[in-house]
Amino acid sequence: MRLSSKLFKVDYSMKILTIFIDMIRANRLNTFNGNQKKDTPLDIAFKEMGGTVYTNCFTPGPDSPRGMSTYYTGVNPYKNGCNTRLKWPQYFLNKELNTIFDIFIEKGFKLDCFAPPNVRELGMYPSHINDMNVHNKDLNLNKYLSELKLQNDHFLFISTTDYHWAFDDFGYTVSGEKKAYIETKSVFDIVFKNLNKDDFDHIFIFSDHGFKFHVEKKLEPNAYMLNEDRTNNIMIHRTKGQEGLIKNNKLCSLADLYPTYEEILGNKQTKSYSLLSEN
């Protein structure tokens, strides 16, 4: 039985924050994997924020082009045009597909997007969204957020690649991982220094795919490049006022964020199952 979308009928202003963390691996976090006994800086940040943690969420394509195209459209890569790891949404996403951004634009929401400019240049966003005047000009997230004025109906999308970049800088080792957590935690500190978590009716945090350490690539069979280390992504949803973490172990996908947005906006769901569904 699915939760009724009437619970989220929009007859008041709504603010929604979505934070995308590139490449973070779910099973290395205590929040998602109880076998990891020690909290990382990000585990601490997640527990301070609160929300529902979806421990069994997967990406239909374990790289950024395929993972993000699925998030944008609620359609798996083999159907949305971004069906290989080099087909970025700006150039290959099927233009006939509605995106999550379109859902909010159609509802009259103000849209703001922050992402590293060089990632935008790669083709991260759908082409029509990339061409809109809703993006940051540089890498200064603190300045960007300090100047941002939240409006009554507002969708804010923040993309952070610091976790990925730290590994590129320091190596795909446990030492590099520690630095990656510190770098990414600093991004969270900037976000919630400038924004009150309870200013938002809903906060979503997700990753597009995981990664492999150098030693794992060296020692494991090639088929292991498709195991949960790379395919199990993080997914957290917080509603206003929610404290502490609740774990939800149902099987879900990056494709399910599209119908989740539809549900909280009171729209008829057109794809898959909302994260709020019991299915």
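The values are calculated or read from the model by the stated rules, or taken from the named source; none is laboratory data. Here the structure is a predicted model, which is why all the values come from computation and not from measurement. In this analysis, Cβ positions are derived from the backbone assuming ideal geometry, glycine residues included, and neighbour counts consider all displayed protein chains. Surface accessibility is based on the protein's heavy atoms, side chains included, excluding ligands, DNA and RNA. Shrake-Rupley method; radii C 1.70, N 1.55, O 1.52, S 1.80 Å.
Points worth noting:
- Subset of the stretch 115-128 [open to solvent by 10 Å² or more (accessible area, probe 1.4 Å) and not acidic (Asp, Glu)]: Pro117, Asn118, Val119, Arg120, Leu122, Ser127, His128
- Segments classed as helices (runs of 4 or more DSSP H), wholly inside the stretch 50-125, with at least 2 members that are touching a residue at least 40 places away in the same chain (Cβ under 8 Å) and in contact with a helix residue (DSSP H, G or I) (Cβ under 9 Å, 6 or more places away or on another chain): 64-73, 100-106
- Every condition in (1) open to solvent by 10 Å² or more (accessible area, probe 1.4 Å); (2) touching a Pro at 6+ places or on another chain (Cβ under 6 Å) is met by Thr99 except one, and the failing one is (1).
- Annotation: Cys113 fulfils all but one of (1) touching a His at 6+ places or on another chain (Cβ under 6 Å); (2) over 19 Å from Lys193 (Cα atoms); the unmet one is (2).
- Any hit, the stretch 172-179, residues being touching a residue at least 40 places away in the same chain (Cβ under 8 Å), in a helix (DSSP H, G or I) and of a type in the set (S, T, N, Q): no
- Looking at Tyr261, Tyr273, just one residue is at pLDDT below 95, at negative phi and crowded, with 16+ Cβ neighbours inside 10 Å, and that residue is Tyr273.
- So Asn136, is it among the polar types (S, T, N, Q) and closer than 22 Å to Gly108 by Cα: yes
- Annotation: of all residues in the stretch 50-80 being open to solvent by less than 10 Å² (accessible area, probe 1.4 Å) and among the aliphatic types (A, V, I, L, M), the one that is farthest from the chain's Cα centre (by Cα) is Val53.
- Tally of residues being of a type outside the set (Asp, Glu) and buried (at least 20 other Cβ atoms within 10 Å of the Cβ) across the stretch 188-222: 12
- When residues of the stretch 8-47 are limited to those that are of a type in the set (Asp, Glu) and either more than 12 Å from Lys185 (Cα to Cα) or part of a loop (DSSP other than H, G, I, E, B) (or both), the one modelled with the lowest pLDDT: Asp11
- Against the test of being closer than 28 Å to Ser175 by Cα and either in a strand (DSSP E or B) or at pLDDT below 95 (or both), the options Ile190, Ile246, Ile205 yield a single qualifying residue, Ile205.
- Assessment of the stretch 226-233 against the conditions (open to solvent by 80 Å² or more (accessible area, probe 1.4 Å), part of a helix (DSSP H, G or I) and modelled with pLDDT under 95) yields at least one matching residue.
- Pairing residues of the stretch 129-152 that are within 27 Å of Lys185 (Cβ to Cβ) and surrounded by 14 or more Cβ atoms within 10 Å (Cβ to Cβ) with residues that are at pLDDT 95 or above and charged (D, E, K, R), at Cβ distances under 7 Å and at least 6 apart in sequence or on separate chains, gives Val134/Asp112; His135/Arg120; Leu148/Asp112; Leu150/Lys15; Leu150/Asp199.
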